[in-house]
Amino acid sequence: MLTPIKTPLWDALRRHSMGNVGFHTPGHNRGVGLPTTLEDWKEIARFDLSELEGLDSLHAPTGVIAEAQSLAAEAWGAERTWFLVNGSSAGIEAMLLAATRPEERILIPRNCHQSIIHGLVLSGAVPVFLEPAWDPQWQLAHGLTAGAVDAALRQDPHIRAVLLVHPTYFGAVGETRAIAEVVHARGLPLLVDAAHGAHLHFHPELPECALTCGADLVVHSAHKTLPALTQSALLHQQGTRIDPERVARALRLVQSTSPSYLLMASLDCARAWMVEHGPRLLGQTQALAERVHQLSPLPCLRRDRCGLIAGLTDLDPTRLVIDVASHGWTGYAAEEWIAARYGVYAELGTFHQLVFILNTAHRPADIDRLLSALSALARAPRPLLPAIPPLPPVPPQVFSPRRAFDYPHGSVSFEEAIGRISAQTVSAYPPGTPVLVAGERVTSQVCNYLDAVRECGGWTSGLTQDGQLLILLD
């Protein structure tokens, strides 16, 4: 007889929700006091408890949370795992706080998420940006090469850590295993934002997990690709290059002192589910993805492109990247069109692509609907495709993000901002990749690009409410 998969935290919550009277937070009193408009929430609210006897404490775990985190470490092959209830952003900030100190230099790919820049503000570390490989056919930045990282470390011996993205928002994986060897040969730690790769470990035909590649600290956003609630994530550690107690101290700074037990329980249960069913379900998910690749009337980014572009060693097949610009659409317009007519919602649109995330909950009927929407999009009258500017060059860095944060600032129009120093990181969101980082000099190319994003229906993060740029005051 098979041993049941353990879910210690969820089991403790279930026991505690039965037959007890509570005089503690939260104020809805186990769902009883919820407003009538939230009647549907009452069942799950029974488990929305706080740090009661027998439920352990996230910031000093010795009981069921400690056991659940230990099981997660075992599931992903880490030496230690921490639960995150403030999303991957909290884990990324904690990584940077643990691995760097003020004014230390860290190598970072430019196609990083804005949360990494926020972590630099908190840690005071100085970014050394490295341009990832560019795919001109698909107009996408992919991963870094080991050669580029090695050259950067030789050129700047003051770099004290390296951070990678594995996989990117578009499912691309660079030379992470080889980069780990290059970085570790110099005694430096490798940090990985693997927010979109929590599922990779659970199927042998998917790209390697960043932990398997040798990273020292890895952040997984469980809610992005696993059956877990939004904001639930994981921070994994292995090796001795980073002190785990320093990681724990950093997490105490960036995580809530009132952590959601619903989020932590969803991590506990999602881990158990993936250990028991992940390989089978992810096999089915890959089969559904292959069906889209075969039947889509619009071009799909496929694994056979790997090896043709430096820094693209593998692609996550469950991440569907669809080229709509080839049929006269921007991703922004196409995203709105298929949502309005077919009720099909993409993960994101860009100037050139639509991106869809397939997960273990998708069924053949979902794929039928997606293919119908894509077929209709391909046949629809093509709108006038606006002029799409190239991604602007990285602006000159004048101050670190931390120093820029500490300066007085004001808001000005795009035209007035050119030549001034940005006080804010500005991204096209999603995916949240910075176009302009706090402390960089504003260029006309950046302003033209941001204008084009807005004119095409995209959303920019980091501007003021009236669409102006924040700049440092003299």
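The values are calculated or read from the model by the stated rules, or taken from the named source; none is laboratory data. Model, not experiment: these values are computed from the prediction. With ideal geometry, Cβ positions are generated from the backbone for all residues, glycine too; neighbour counts draw on all protein chains shown.
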Would a scan of the range 189-208 turn up a residue that is in contact with a Phe, Trp or Tyr (Cβ under 7 Å, 6 or more places away or on another chain), at pLDDT below 95, of a type outside the set (Gly, Ala, Ser) and closer than 30 Å to Gly349 by Cα? no
Would you list the strands (runs of 3 or more DSSP E) that sit entirely within the range 39-150 and hold 1 or more residues that are of a type in the set (Phe, Trp, Tyr)? 80-84, 126-130
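Residues checked against (1) modelled with pLDDT under 95; (2) over 22 Å from the mean Cα position of the chain (by Cα); (3) in a loop (DSSP other than H, G, I, E, B):
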residue: Ala265; (1), (2), (3): no, no, no
residue: Cys269; (1), (2), (3): no, no, no
residue: Glu276; (1), (2), (3): no, yes, no
residue: Ala289; (1), (2), (3): no, no, no
residue: Gln294; (1), (2), (3): no, yes, no
residue: Pro297; (1), (2), (3): no, yes, yes
So which residues in the range 231-248 are without any contact (Cβ under 8 Å) to a residue 24 or more places away in the chain and either part of a helix (DSSP H, G or I) or farther than 17 Å from Leu191 by Cα (or both), if there are any at all? Glu245
Candidate set from the range 212-228 (those that are farther than 13 Å from Ile242 by Cβ and among the small types (Gly, Ala, Ser)); member that is surrounded by the most Cβ atoms within 10 Å (Cβ to Cβ): Ala222
If I ask for residues that are assigned to a helix (DSSP H, G or I) and touching a residue at least 60 places away in the same chain (Cβ under 8 Å), which ones from the range 314-347 would you list? Ala325, Tyr332, Ala333, Glu336
Every residue from the range 156-211 that is surrounded by fewer than 22 Cβ atoms within 10 Å (Cβ to Cβ) and acidic (Asp, Glu): Asp156, Glu181, Glu205, Glu208
Members of the range 15-45 that are surrounded by fewer than 16 Cβ atoms within 10 Å (Cβ to Cβ), closer than 17 Å to Ser266 by Cα, out of contact with any helix residue (DSSP H, G or I) (no Cβ under 9 Å at 6 or more places or on another chain) and in contact (Cβ under 8 Å) with a residue 12 or more places away in the chain: Arg15, Glu43
